[in-house]
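Report on one structure; see the data block that follows.
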Amino acid sequence: MDLYFDPVPLLGDARAAFLGRWSERKWLNVPGPFYGADTDNCGTGRLHAPGLVLYEADHLTEYVYRQPRTPEELRQLVDAAESEVFS
């Protein structure tokens, strides 16, 4: 049994969908390799990754409230990032 799922090596070309800057991340993100930073308010994150993405109350920006634990959840988060106009 693996105690930790490391999603980063599985990203491949999808890494380009994650362009956030650490200094711009939302404080609501849980620790881990993925986080919401300068996001729009179109609400597409939960459509693709409902178990991983939530919206911040004041401006409806998106943040990662749970890091992916499986390849399928990673795919969902990649889909959410690719649908985000600011990546």
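The values are calculated or read from the model by the stated rules, or taken from the named source; none is laboratory data. Just so it is clear, the structure is predicted and the values come from calculations on it, not from any experiment. FYI the Cβ positions are ideal-geometry reconstructions off the backbone, even for glycines, and counts take in every protein chain you see. What goes into the accessible areas is simple: the full protein's heavy atoms, side chains included, and nothing from ligands, DNA or RNA. Shrake-Rupley method; radii C 1.70, N 1.55, O 1.52, S 1.80 Å.
When the chain is modelled as a GNM with alpha-carbon springs shorter than 10 Å, which of L19, L52, L77 fluctuates the most? Result for the chain, Cα springs under 10 Å: L19 fluctuates most.
Taken about its Cα centre, the chain carries a charge dipole of roughly 180 debye when the Cβ of each Lys and Arg holds +1 and the Cβ of each Asp and Glu holds -1. Taking label points 7 Å from Cα along the Cα-to-Cβ direction, F5 and L28 give a separation of 2.3 nm. Angle of helix 71-83 to the longest C-alpha principal axis of the chain, folded into 0 to 90 degrees and rounded to 10: 30°.
Normalised by the number of residues in the chain, the average gap of Cα pairs under 8 Å and 6 or more apart makes the relative contact order 33 percent. So, with a 1.4 angstrom probe, what is the percent of accessible area on the chain that is carbon and sulfur? Exposed carbon and sulfur together represent 57 percent of the surface. Taking the square roots of 5 times each eigenvalue of the Cα gyration tensor of the chain, largest first, gives ellipsoid semi-axes of 20, 13, 12 Å.
Per residue, what accessible area does the chain have, given a 1.4 Å probe and all protein chains present, in Å²? Let's see the in-between values first.
On the way: 5650 Å² over 87 residues.
Per-residue accessible area for the chain comes out at 65 Å².
Computed over the chain with a Gaussian network model linking Cα atoms closer than 10 Å, the most mobile of T70, T61, T39 is T70. Our helix-only sum for the chain, with -39,500 (n - 2.57) per DSSP H run of n ≥ 4 divided by its residues, gives a mean residue ellipticity at 222 nm of -5500 deg cm²/dmol. When the chain is described by a simple charge dipole with +1 on each Lys and Arg Cβ and -1 on each Asp and Glu Cβ, the residue from G12, L74, L28 located farthest towards its positive end is L28.
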